[in-house]
Amino acid sequence: MRRVNLSPLIAMVYRQVKRWFSARSRLVSTVLNPLVWIIFLGLGWGSVFSASGFKGALPGIPTPPGLSISDLVQKYFNTIFGGVDYLTFMVSGMASMTVFLASFIGGISVIWDKQFGYLKETLVAPASRKLVIAGRILGDAIVTTVQGLIVILLGFIIASGLRIAGVGIALIYLFLLAITFSSLGVVIALKLSSVEGFQMIVNLLTMPLMFMSGVFYPFTTMPSWMQVIALYNPLSYAVHAVRYWLTGADVGLSPMTPLNDLLVLAAGATILLLTAGFAFEKTSIEE
Amino acid sequence: MDVIVVENLVKKYKDVLAVNGVSFTVRKGEIFALLGPNGAGKTTTIHIIATLLKPTSGRVIVEGYDAVKEPGKVRRLIGIVFQEPSLDQQLTAYDNMYIHGRLYGYSGNELRKRILELLEFVDLKEYAFKQVKHFSGGMKRRLEIARGLLTNPDILILDEPTIGLDPQSRARVWEYVRKLKNDLGMTILMTTHYLDEADELADRIAIMDHGRIIAMGTSLELKNMLGSDVIYLKLSKQAPESLCREFNGVKDCRLLEDGLIELVVENANKVLPEVMKLVMEKGYEIREVSYRKPSLNEVFLHLTGRELRDSLEASSPPRGRWHR
Ligand SMILES: Nc1ncnc2c1ncn2[C@@H]1O[C@H](COP(=O)(O)OP(=O)(O)OP(=O)(O)O)[C@@H](O)[C@H]1O
Ligand SMILES: [Mg+2]
């Protein structure tokens, strides 16, 4: 039989992808979840952040000459949401959020593997541990990027301001984001033995990371302490870049440019992937 | 030729001395069984040989490679079936095999062919593309055996290959193991806590208890350690050691737990009446009498004072060690 160097990596990619196909309920929930956010938050706030329905004058405030109040309000909203309506703004962040959540929680399968004995099967193989875990992360990243793509495609149905031309580039950012958080999930899971413990840690981290990433509201209007945290959140860079490529809206903090976003995500993905590699090399069946 | 050499193996978990100075060798082409009750240290020993655990002290050499220093080399040589299930239940039998082959660096048509061959060998070919979660315990076990054989290992390690299986499935697994030895000359190291399994399959048996090997040899050699027959008398009260000295024509006499006396004799039929008469004369009431041709159970009883069957019931196998 032929010996292939990357074979163990391919083995694990194959496994993660196959598992995803066999667990269709997972697919439904990953699409349903962002859909709920989009419908209730996006549509709900969408009409708040829009002046089109507003015709009259504001009591006690004189109308400036040459401008209607609704034009003025609309101009303000356009500025803070980067020139797009709120629904488009939010939907373009939702793909990043989906990928983030799915890849981070994906680490839970490492704990299943410990409990169902599959970890031993991977540890006893004469394969490079780094390749094995990289394959697993890569597989998860592919799967979650596809989930992100599904959310983007749904976005085209719901929101009006998305551009089809940006989808391909956006996927690159989403993929790097997926590698980053899959790796982080795996690193945490390798240290833990219970599903509950893992879920607790992940839940504790996801909420703040999600809200301080620019998915739901722009960075520019955040309190300054929140901006500082957002700068250290890899998700922010994906949200900014994906939104930029999908809608043209360039609403970020000063270091965020499409190129810088790419560099930050690539660096994050590399560092965490290597960390996962080292963590897996040290893994043994002894607690 | 010795394929596996284990020297003075010691493994200490935090506060448990699981393996306490174990030495043995496994020869090429033989079936070697570690036989012992729950917690004897069989799985720990096997995991060290398979490079999954590091020994506290001692050495394991597999075909000349040290399991600690060159784990990669050792891993290539062995196929292993773990005591606890280690299949991906979400995937099909074929995919479980395929991923295993890929992990070991195989691919292409030849891998595909070999997977189907092995699934046929364990009578699972028609289930190749069914999800493993729908399989019975016996089918899962057979799949794991097929998976262990996929990369054509020199040595197959089976940890409790028939644990929890119904009699038909057990017989089937035994048949495969015999075939592997007879047709392919494969070296097989197995553990079991079933006496009949060790008796039936193994060329040589090491009896393990509390982390030590307490006897080793062929099934016949072990049984010959006793004599031809073994008599057990259960008395109403614990007898003193001195009672043993009173018997004539008895090769060995020992006092075991619960007023049980073990007598090793040439021919039980002949000496039994005299033995019983003597005991009653000494003022003991006899509760039970039995005599048996020695089986491995008598050997175990002789060596430890406990029945292997009793020690099995006394403690349930530790499961889910990943939970705290
Ligand atoms: N990871 C671990 N941490 C702590 N103690 C352990 C661990 N694994 C096993 N032990 C202990 O070491 C001893 C030997 O266990 P081992 O599993 O090797 O026995 P065994 O002969 O395989 O028994 P069984 O029939 O239950 O499989 C037991 O007392 C067990 O509780
Ligand atoms: Mg065991």
Query raised in the report: To the nearest whole number, what is the average tally of beta carbon atoms from other chains within 10 Å of the beta carbons of peptide A:84-95?
Result: 0
Query raised in the report: To the nearest 10 Å², what's B:Lys234's accessible area with a 1.4 Å probe?
Result: 60 Å²
Query raised in the report: What ranking of B:Ile78, A:Ile142 comes out by heavy-atom accessible area, probe 1.4 Å, highest first?
Result: A:Ile142, B:Ile78
Query - B:Asp252 long-range amide H proximity, modeled H, under 5 Å - result: B:Val264
**Report entry** ³J(HN,Hα) computed for each position of region A:258-264 - Karplus, 6.51 cos²θ - 1.76 cosθ + 1.60, integer Hz, glycine/proline x
**Finding:** x, 6, 4, 4, 4, 5, 4
Requested in this report: Express in % the proportion of alpha carbon pairs of the protein assembly as shown at distances exceeding 37 Å.
Outcome: 51 percent
Report summary line: Sorting A:Trp112, A:Trp45 on solvent-accessible surface, 1.4 Å probe, most exposed first, gives A:Trp45, A:Trp112
Query raised in the report: Is region A:152-229 rounded, prolate or oblate when judged by the Cα gyration tensor, a ≥ b ≥ c being the square roots of its eigenvalues, rounded requiring a/c under 1.5 and prolate requiring a/b larger than b/c?
Result: oblate
Report task. With a 1.4 Å probe and every protein chain kept in, tell me what percent of the accessible surface of chain B is carbon plus sulfur. Result -> 48 percent
Query - Surface accessible to a 1.4 Å probe, B:His210 within the full protein complex, Å² - result: 130 Å²
Report summary line: Excluding ligands, DNA and RNA, the carbon-plus-sulfur percentage of the accessible area of region A:113-234 with a 1.4 Å probe reads 74 percent
Requested in this report: Do me a favour and compute the ellipsoid semi-axes for region B:41-80 from its Cα gyration tensor, root of five times each eigenvalue, largest one first, whole Å.
Outcome: 15, 12, 8
Requested in this report: Any aspartates and glutamates with Cα under 20 Å of the A:Lys75 Cα? List them, leaving off those in the same chain fewer than 8 positions away.
Outcome: A:Asp85, A:Asp250
Report task. Would you check the accessible area of B:Tyr291, probe 1.4 Å, heavy atoms only, in square angstrom rounded to 10? Result -> 100 Å²
Query raised in the report: So what's the angle, to the nearest 10 degrees on a 0 to 90 scale, between helix A:7-22 and the longest Cα principal axis of chain A?
Result: 60 degrees
Query raised in the report: Is there a simple number for the mean count of other chain Cβ atoms within 10 Å of the Cβ of residues in B:102-114, and what is it?
Result: 6
Query - Subset of B:Lys69/B:Lys181; A:Lys114/B:Lys179; A:Lys18/B:Lys140 violating a 21 Å alpha-carbon distance limit - result: B:Lys69/B:Lys181; A:Lys114/B:Lys179
**Report entry** Heavy-atom accessible area order for B:Glu120, A:Glu121, B:Glu307, B:Glu7, largest first, 1.4 Å probe
**Finding:** B:Glu120, B:Glu7, B:Glu307, A:Glu121
Query raised in the report: Averaged per residue, what accessible area in Å² does region A:142-287 show with a 1.4 Å probe, protein chains only?
Result: 42 Å²
Report task. Determine the total buried accessible area between chain B and chain A, counting protein heavy atoms only with a 1.4 Å probe; round to the nearest 100 Å². Result -> 3800 Å²
Query - 15 Å beta-carbon shell around A:Asp140, net charge (K/R +1, D/E -1) - result: +3
Query raised in the report: Over region B:2-222, what lengths in whole Å, largest first, do the semi-axes of the equivalent ellipsoid take, defined as the square roots of 5 times the eigenvalues of the alpha-carbon gyration tensor?
Result: 28, 19, 16
Query - Relative contact order of chain B, pairs being alpha-carbon contacts under 8 Å that are 6 or more residues apart, as % - result: 19 percent
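The values are calculated or read from the model by the stated rules, or taken from the named source; none is laboratory data. No experiment lies behind these values; they were computed from the predicted model shown. For neighbour counting, all protein chains shown are included, and Cβ atoms are generated from backbone atoms with ideal geometry for every residue, glycine included. These area figures cover heavy atoms from the full protein model, side chains too; ligands, DNA and RNA do not enter into them. Shrake-Rupley method; radii C 1.70, N 1.55, O 1.52, S 1.80 Å.
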